[in-house]
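Enquirer: To start, I am sharing the structure in question, which I have written as structure tokens.
Derivation of every value follows stated rules applied to the coordinates shown; laboratory data play no part. Being a predicted model, the structure only gives us computed values, none of them experimental.
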Amino acid sequence: MMKEVVFGIMAIILIGYLMYFMSPMLITLKDSGMASVDMNDPVIANYFDMGDGLYGIVGLVGFGVVGFLLYSYATRQDITA
């Protein structure tokens, strides 16, 4: 049980790091990259529209990971012989 608690705490710390440090850097990188791309090409403009939402929800991936960990720990069955 102690291993699960440590994994849960480490997952929360890593998710916090992702949300508060990595997400703003990725959004800034995307915005600076858009300045050098020709948005008059309809294919490139379409790809940027589709990918724009990805950088906005990167932080939500962490909630999915933590939720999956909690769900897997809660539904795990310990079989002792």
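Enquirer: Please work out whether the chain counts as rounded, prolate or oblate from its C-alpha gyration tensor, where a ≥ b ≥ c are the square roots of the eigenvalues and a/c under 1.5 means rounded, while otherwise a/b larger than b/c means prolate and anything else oblate? Walk me through the intermediate numbers first.
Expert: On the way: a/c = 5.85, a/b = 2.71, b/c = 2.16.
It comes out prolate by the Cα gyration axes.
Enquirer: Stretched out fully, how many nm does the piece from Leu26 to Met50 gain, at 0.36 nm a residue minus the Cα gap? Mind showing how you got there, number by number?
Expert: Values: separation 24, 0.36 × 24 = 8.64 nm, distance 1.56 nm.
Between Leu26 and Met50, full extension yields 7.1 nm more.
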